[in-house]
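Let me begin by presenting the structure, written as structure tokens, before commenting on it.
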Amino acid sequence: MVDTKNQYLKIKTEVDAAIHEVLDSAAYINGKAVQDFTAALNQYQGAGFTIPCANGTDALQIAMMALDLQPGDEVITPSFTYIATTEVVALLKLKPVFVEVDPQTFCMDPEALRKAITPKTKAIVPVHLYGHAAPMEAIMAIAQEFGLAVIEDNAQAIGADHQFADGSVKKTGTIGTIGTTSFYPSKNLGAYGDGGAIFTNDADLAHKMKMIANHGQQTRYYHEMVGCNSRLDSIQAAILNVKLKELDKYIVARQTAASFYNAAFASQEQITTPFVASYSNHVYHQYTLLLEGVDRDGLVAHLAEKKIPSMIYYPVPGHRQKMFSAFDLPNLDLKTTDWLTERVISLPIHTELDMEQLSYITENLLAYINR
Ligand SMILES: *Cc1c(COP(=O)(O)O)cnc(C)c1O
């Protein structure tokens, strides 16, 4: 699904030098590399404040901890997302309230969001799924109307642009109260280990989240609040600093691969290629097709036989996970989510795909569909 090895080989000299610089400095934790990367990422995002942390799941947890949510408070999230988004809600003893996604963008449906709001609702967690922005203009308007915090889960969409009706453009992750992201190796900006970051324009929240990520302290050994230990290590930051300079090129490479797929599948009635809304671009963390009237298991097996990887993101939506069986989930009738779960299939998408590989994948997929 990804080819991080060949991607690394193209930047090996720079990455190896950056790693050796950290080794020579011996500043493994909170070193200069972390400060440099944090500043560069903050600038890239156009964010007010950027706080590095250990991974994208911690980023979500720290964001929710900073909002002072109380046990039982309701947090509205899509069910059609990676488990980390919703797991953190449960971990903090908050109540996950799952809502539908739009069948075209796979992102939170603002009308479903509005209907799910109760007096106990405190926060909304939209997910920019697969690299396409959630409809933030509508979501932010609803959040403002009801006085709710918004945490954007931007783990899959770093670098994506969201355009507003007035023509202004913002990077995803910088629109809500807080935005979070992940540097897991297969993410669009991937480290060679774990990493994550949090974005906000609110100075007080930034200060608080920095403390939470560091055992609730500002001054060493004086712990003002309960926090956790969540650090981005210097070696990962040094690697990310090299890769951040490549991110826009990486996005173009993914978009080029997606265009090839789109053209190859355009005339196929059984295949719906990824939709791109007018307010968003697509950074293709995943390239996900919707199949209609196709034996999906058969297709996956056929592709595997031809040594072509494919994945189902996600086979079981949040509201059907055993993890949440003890929760009194209010909204379980998620027909669009269930419908999507049965029809999606993701193809390999990354920065190293060449024409030969893309042709091989599309030809074999089409041979199965039209057999
Ligand atoms: C990857 C991912 C996360 C979690 O990131 P980790 O760094 O693996 O903890 C959270 N949400 C979404 C949507 C993701 O894809």
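The values are calculated or read from the model by the stated rules, or taken from the named source; none is laboratory data. Note that the structure is predicted; figures quoted are calculated from it, not measured. Don't worry about glycine lacking a Cβ; one is built from the backbone with ideal geometry, like all the others, and counts go over all protein chains shown.
Take the conditions within 16 Å of the ligand (Cβ to nearest atom), farther than 30 Å from LYS249 by Cβ and in the same structural domain as VAL226 (by TED's automatic domain parsing) and apply them to ILE151. Does it pass? No. Residue check: ALA133 meets all listed conditions (1) under 24 Å from GLY46 (Cα atoms); (2) among the hydrophobic types (A, V, I, L, M, F, W, C); (3) touching a helix residue (DSSP H, G or I) at 6+ places or on another chain (Cβ under 6 Å); (4) within 15 Å of the ligand (Cβ to nearest atom) but one, namely (3).
When the residues of segment 28-54 are filtered to those that are modelled with pLDDT of 95 or more and among the small types (Gly, Ala, Ser), which remaining residue is farthest from ALA160 (Cα to Cα)? Step by step, filter segment 28-54, then rank; the result is ALA33.
Tell me which residues, restricted to segment 77-124, are touching a residue at least 60 places away in the same chain (Cβ under 8 Å), in a strand (DSSP E or B) and within 16 Å of PRO317 (Cβ to Cβ). Scanning segment 77-124 gives THR77, PRO78, PRO96, VAL97, PHE98, VAL99, VAL101.
Taking residues in segment 181-208 that are in the same structural domain as PRO126 (by TED's automatic domain parsing), and partners anywhere that are of a type in the set (D, E, K, R) and at pLDDT 95 or above, the pairs with Cβ atoms closer than 7 Å and at least 6 places apart or on different chains are TYR184/ASP194; LEU189/LYS243; GLY196/ASP58.
Number of residues in segment 293-350 that are within 30 Å of ASP73 (Cα to Cα) and either in contact with a Pro (Cβ under 8 Å, 6 or more places away or on another chain) or not hydroxyl-bearing (Ser, Thr, Tyr) (or both): the value is 26.
If you go through segment 42-76 and pick out every residue that is assigned to a helix (DSSP H, G or I) and within 10 Å of the ligand (Cβ to nearest atom), you end up with 6.
Within segment 184-193, the set of residues being aromatic (Phe, Trp, Tyr) and near the ligand (Cβ under 7 Å from one of its atoms) comprises TYR184 only. Tallying residues that are without any contact (Cβ under 8 Å) to a residue 40 or more places away in the chain, under 21 Å from the mean Cα position of the chain (by Cα) and surrounded by 13 or more Cβ atoms within 10 Å (Cβ to Cβ) within segment 246-301 yields 3.
Only residues that are in contact with a Ser or Thr (Cβ under 7 Å, 6 or more places away or on another chain) and under 14 Å from ALA63 (Cβ atoms) were counted in segment 180-199, giving 4. Look at THR85 and say whether it is within 14 Å of the ligand (Cβ to nearest atom), closer than 23 Å to ALA191 by Cβ and outside the structural domain of ASP328 (by TED's automatic domain parsing). Spelling it out, THR85 is indeed within 14 Å of the ligand (Cβ to nearest atom), closer than 23 Å to ALA191 by Cβ and outside the structural domain of ASP328 (by TED's automatic domain parsing).
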